[in-house]
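The values are calculated or read from the model by the stated rules, or taken from the named source; none is laboratory data. On a predicted model such as this, the values are computed, not experimentally measured, just so you know. Neighbour counts are summed over all protein chains in view; Cβ atoms, including those assigned to glycine, are modelled from backbone coordinates with ideal geometry.
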Amino acid sequence: MSWVKDYVRTIPDYPKAGILFRDVTTIFESDVAYPKMINEFVDYYKDKGIDKVAGIEARGFILGGAIAHMLGIGFITIRKAGKLPHLTHKEDYELEYGTDALEIHIDAIEEGENILIVDDLIATGGTAVAALKLINKAGGKVSEACFIIDLPELGGTDKLKSKNCNVYTLAEYEGL
Ligand code: AMP
């Protein structure tokens with residue numbers, strides 16, 4: 001079992017009945033687990049030719065900023081619609097009920113740059129695929145994505161792999 005699971009707090013029925021919410025704030029709060037986790041991602045990506053890290057709001061910022069810093073490369077913010085001040089590309093994606101949208105600044109990426117997507121957890125993959133499409137619209141390519149947690153039964157990792165994006169995660173949980 002991954003050491004990471006010792007630090008993940010599971011909250012049943014949040015934000016609604018039937019969901020097991022995997023709370024990673026308990027990793028971020030630990031002066032042991034947070035740097036150890038960042039070092040694992042950095043060791044994995046240090047020789048993979050990543051040009052920039054793209055973090056998905058908001059927990060992806062906490063992870064991705066630290067990874068980018070350690071790799072010595074720039075960081076791109078992928079934010080909820082309406083938050084970025086400059087011109088943006090926008091991508092709508094499906095939630096269980098309704099849709100949401102993410103945005104990226106149109107000039108965040110130089111043509112052909114290799115971008116690493118970072119978020120805390122992958123479930124259906126809707127969020128990560130929207131981020132991948134935004135990066136492509138802005139001229140970047142995505143060969144790698146990483147998450148602390150994978151919920152493999154929800155199919156997100158397979159969805160990314162089918163788009164030629166390699167996925168690296170530290171812990172898996174069964175079910176929702
Ligand atoms: P998805 O788009 O279905 O892959 O969902 C991924 C996004 O929703 C991530 O930004 C997660 O933070 C959040 N998320 C989805 N399911 C959970 C869960 N069981 N526990 C914590 N966060 C979740």
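Does Glu57 qualify as being surrounded by fewer than 22 Cβ atoms within 10 Å (Cβ to Cβ), more than 9 Å from the ligand (Cβ to nearest atom) and touching a residue at least 24 places away in the same chain (Cβ under 8 Å)?
Numbers: surrounded by fewer than 22 Cβ atoms within 10 Å (Cβ to Cβ): yes; more than 9 Å from the ligand (Cβ to nearest atom): no; touching a residue at least 24 places away in the same chain (Cβ under 8 Å): yes.
No: the conditions fail for Glu57.
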- Task: Specify the residue that is farthest from the ligand (Cβ to nearest atom); the eligible residues are those in the stretch 151-166 that are more than 14 Å from the chain's Cα centre (by Cα) and of a type in the set (S, T, N, Q).
- Result: Asn164
- Note on the structure: Taking first residues from the stretch 139-159 that are within 22 Å of Ala68 (Cα to Cα) and second residues anywhere that are of a type in the set (Phe, Trp, Tyr) and part of a helix (DSSP H, G or I), the pairs with Cβ under 6 Å that are 6 or more apart or on different chains are Cys146/Phe41
- Item | Where a residue in the stretch 4-21 is exposed (fewer than 14 other Cβ atoms within 10 Å of the Cβ) and its partner, wherever it lies, is assigned to a loop (DSSP other than H, G, I, E, B) and hydroxyl-bearing (Ser, Thr, Tyr), with Cβ under 9 Å and at least six apart | Thr10/Tyr173
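When you look at Ala130, is it assigned to a strand (DSSP E or B) and small (Gly, Ala, Ser), yes or no? First the steps, then the outcome.
Details: assigned to a strand (DSSP E or B): no; small (Gly, Ala, Ser): yes.
No: the conditions fail for Ala130.
Just wondering, is there one or more residues in the stretch 91-99 that are within 14 Å of the chain's Cα centre (by Cα) and without any contact (Cβ under 8 Å) to a residue 60 or more places away in the chain? Can you show your working first?
Start the filter on the stretch 91-99 by keeping residues that are within 14 Å of the chain's Cα centre (by Cα), which leaves none.
The answer is no; no qualifying residue exists.
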- If you check Ile135 against the conditions, is it surrounded by fewer than 22 Cβ atoms within 10 Å (Cβ to Cβ), within 16 Å of the ligand (Cβ to nearest atom) and of a type in the set (Val, Ile, Thr)? no
- How do the pairs read when you match residues in the stretch 74-88 that are of a type in the set (D, E, K, R) with residues anywhere that are in a loop (DSSP other than H, G, I, E, B), using Cβ under 9 Å and keeping only pairs 6 or more apart or on different chains? Arg79/Glu57; Arg79/Ala58; Lys80/Glu57; Lys80/Ala58; Lys83/Glu57
- Item | Lone unmet requirement of (1) surrounded by fewer than 16 Cβ atoms within 10 Å (Cβ to Cβ); (2) of a type outside the set (Phe, Trp, Tyr); (3) over 15 Å from Ile115 (Cβ atoms) for Gly49 | (3)
- Hey, does the stretch 19-42 have a residue that's within 12 Å of the ligand (Cβ to nearest atom), part of a loop (DSSP other than H, G, I, E, B) and within 17 Å of Ala171 (Cβ to Cβ)? yes
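Do we have Lys90 as outside any helix (DSSP H, G or I), away from the ligand (no atom under 14 Å from the Cβ) and either surrounded by 14 or more Cβ atoms within 10 Å (Cβ to Cβ) or at pLDDT below 95 (or both) here?
For Lys90, the condition - outside any helix (DSSP H, G or I), away from the ligand (no atom under 14 Å from the Cβ) and either surrounded by 14 or more Cβ atoms within 10 Å (Cβ to Cβ) or at pLDDT below 95 (or both) - is met.
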